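The values are calculated or read from the model by the stated rules, or taken from the named source; none is laboratory data. On a predicted model such as this, the values are computed, not experimentally measured, just so you know. For neighbour counting, all protein chains shown are included, and Cβ atoms are generated from backbone atoms with ideal geometry for every residue, glycine included. Heavy atoms of the whole protein, side chains included, go into the accessibility calculation; ligands, DNA and RNA do not. Shrake-Rupley method; radii C 1.70, N 1.55, O 1.52, S 1.80 Å.
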Amino acid sequence: MTTTTDGTPTPAKVVNLATQQAALPKLTLLGTFGSLTDPGALIRDNRGAIHRVRLNDTIPDGVVAAIGDDSLVLAGKTRTITLKLPQG
């Protein structure tokens, strides 16, 4: 298992997905990390920018409301978006 720069272990599923080429939608969950009490995620926004986010962080598409093992929920002004990790 590899680790991030802060020493957090990166799950094998994330490592495998990160090294595969895939056609991704504009708003994409790239991976999740951290613990149950302090989860985080990497997402690519509609402009192609990569964001490392935690709960309650704000990005242009909404506020990070929840982070699971393979999903992230963004609460927007008019809708809620659930992102899932791409399946290989």
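Scanning the range 38-52 for residues that are charged (D, E, K, R) and outside any loop (DSSP other than H, G, I, E, B), we see that the one that is nearest to residue 67 (Cα to Cα) is 52. Just name the residue that is modelled with the lowest pLDDT out of those in the range 55-88 that are open to solvent by less than 70 Å² (accessible area, probe 1.4 Å), farther than 18 Å from residue 15 by Cα and of a type outside the set (A, V, I, L, M, F, W, C). It comes out as 61. On the basis of being farther than 23 Å from residue 8 by Cβ and either open to solvent by 20 Å² or more (accessible area, probe 1.4 Å) or touching a residue at least 12 places away in the same chain (Cβ under 8 Å) (or both), does residue 26 make the cut? Judged against the criteria, residue 26 is a match. Of all residues in the range 33-54, those satisfying the criterion of being aliphatic (A, V, I, L, M) and surrounded by 15 or more Cβ atoms within 10 Å (Cβ to Cβ) are 41, 42, 43, 53.
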